[in-house]
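Trainee: Below: one structure in structure tokens.
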Amino acid sequence: MLGAALFVVVISPASSTQREKSAFMDPVLALVKVEPPGATEESAALAAEEDGPAAEPVEPASPAPQADAPRPTGETPVVPAARPSVRASDAPAPRYRSVRMCVTAYCACSACCGRNAKGITASGRSVRANGAKFVAADTRLLPFNTRVCIPGYNSGAPVPVLDTGRAIKGNRLDVFFPSHSLARKWGSRWLTCRVYEK
Ligand SMILES: [Zn+2]
């Protein structure tokens, strides 16, 4: 019993060392041992990559946005801002109508507004209201505070109707300028203006 136990103890380490030696000595076994760790991982990775695009056609498209995603991540504020801006531009689109109007310029001087010019518009607001960017209109068609976009005036941003006049009838607008020279420089021109419903 004891002899057999000792014999086994002695032999078992010897057999293990022999197996290791034989493994290194034998090129076939060495290749078998070396290949599986490297080859299995690479083959598995390749298989996963090959299976992905082949099995799912969507993946080729999804990696592209993901590849682009890291670039916009720095611009993430821009992307969300661009989408609302598109929605915002789409939203007011049905709110205005384009109207061809004769747009003349004027200022607060007595030549433009008569002797009693006091710098107060017909709406009661000062000519300084809205940064002195406003228009006079036929209030029967465009009531006070109607917002109008006039190409070339106020950078194309909407301005309110704050003034009116006896001579301002129908499709006519008078854009206000802080000086008579600027008003004369504008002169009078027919323009396609946007009249906002609200
Ligand atoms: Zn003037």
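The values are calculated or read from the model by the stated rules, or taken from the named source; none is laboratory data. Remember, predicted model here, so these are calculated numbers, not experimental data. Here Cβ is always computed from backbone atoms with ideal geometry, including for glycine, and neighbour counts include all displayed protein chains.
Trainee: Select, from A88, A108, the only residue that is within 18 Å of the chain's Cα centre (by Cα), at pLDDT below 95 and surrounded by 10 or more Cβ atoms within 10 Å (Cβ to Cβ).
Mentor: After ruling out the rest, the residue left standing is A88.
Trainee: Within region 113-155, can you find the residues that are hydrophobic (A, V, I, L, M, F, W, C) and more than 20 Å from V195 (Cα to Cα)?
Mentor: C113, A117, I120, V127
Trainee: Still on this structure, please answer the following. When the residues of region 166-198 are filtered to those that are under 21 Å from R97 (Cα atoms) and without any contact (Cβ under 8 Å) to a residue 60 or more places away in the chain, which remaining residue is nearest to the ligand (Cβ to nearest atom)?
Mentor: Among those that are under 21 Å from R97 (Cα atoms) and without any contact (Cβ under 8 Å) to a residue 60 or more places away in the chain, it is I168.
Trainee: Find all pairs meeting these conditions: Cβ atoms under 7 angstrom apart; at least six residues apart or on different chains; first residue within region 107-124 and near the ligand (Cβ under 9 Å from one of its atoms); second residue modelled with pLDDT under 90.
Mentor: A108/A117; A108/G119; C109/A117; S110/A117
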